[in-house]
1. With respect to residue 13, is the statement that it is within 11 Å of ligand 1 (Cβ to nearest atom) and either surrounded by 15 or more Cβ atoms within 10 Å (Cβ to Cβ) or at pLDDT 95 or above (or both) true?
2. Looking at 21, 44, which is the one that is in contact with a helix residue (DSSP H, G or I) (Cβ under 9 Å, 6 or more places away or on another chain) and in contact (Cβ under 8 Å) with a residue 40 or more places away in the chain?
3. How many residues are more than 6 Å from ligand 1 (Cβ to nearest atom) and in a loop (DSSP other than H, G, I, E, B) if we restrict to segment 1-10?
4. Among 33, 28, which is within 11 Å of ligand 1 (Cβ to nearest atom) and more than 10 Å from the chain's Cα centre (by Cα)?
5. Restricting attention to segment 51-68, and to residues there that are in a loop (DSSP other than H, G, I, E, B) and surrounded by 16 or more Cβ atoms within 10 Å (Cβ to Cβ), which single residue is nearest to ligand 1 (Cβ to nearest atom)?
6. Find the residue count for segment 28-50, including only residues that are assigned to a loop (DSSP other than H, G, I, E, B) and either away from ligand 2 (no atom under 15 Å from the Cβ) or over 14 Å from residue 15 (Cβ atoms) (or both).
7. Please verify whether residue 62 is over 12 Å from residue 13 (Cα atoms), at pLDDT 95 or above and away from ligand 2 (no atom under 14 Å from the Cβ), treating the condition exactly as stated.
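The values are calculated or read from the model by the stated rules, or taken from the named source; none is laboratory data. What you see is a predicted model; the values in this text were computed from it and never measured. Positions of Cβ are generated from backbone atoms using ideal geometry, with glycine treated the same way; all protein chains shown enter the neighbour counts.
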Ligand code: SF4
Ligand code: SF4
């Protein structure tokens, strides 16, 4: 539900933290295995598209579309 970040792709640019209108993402105190400050999906339930299913049209998707590393994807119950 909401969104998830793939830590293998994220380079820690923090665009998602700055762009999300609902403050879903927060800075992480620790680094990923690759050494990047991958943000935390701190408030997934605040996402505008939190209750959307895989085939539902999304209203926001700003973070998914703007992440330069394509590291953000939708999180559903079965993935
Ligand atoms: S925008 Fe993408 S690459 Fe940048 S911090 Fe967020 S998830 Fe990582
Ligand atoms: S889809 Fe929009 S509201 Fe949801 S986490 Fe991404 S930028 Fe924030």
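1. Numbers: within 11 Å of ligand 1 (Cβ to nearest atom): yes; either surrounded by 15 or more Cβ atoms within 10 Å (Cβ to Cβ) or at pLDDT 95 or above (or both): yes.
Yes; evaluated as a whole, the condition is true for this residue.
2. Numbers: 44 fails: in contact with a helix residue (DSSP H, G or I) (Cβ under 9 Å, 6 or more places away or on another chain).
Answer to the check: 21.
3. Summing the residues that are more than 6 Å from ligand 1 (Cβ to nearest atom) and in a loop (DSSP other than H, G, I, E, B) in segment 1-10 gives 6.
4. 28 is the lone residue from the list that is within 11 Å of ligand 1 (Cβ to nearest atom) and more than 10 Å from the chain's Cα centre (by Cα).
5. Applying the filter and picking the extreme gives 67.
6. Residues meeting the conditions: 16.
7. On the way: over 12 Å from residue 13 (Cα atoms): yes; at pLDDT 95 or above: yes; away from ligand 2 (no atom under 14 Å from the Cβ): no.
Spelling it out, it is not the case that residue 62 is over 12 Å from residue 13 (Cα atoms), at pLDDT 95 or above and away from ligand 2 (no atom under 14 Å from the Cβ).
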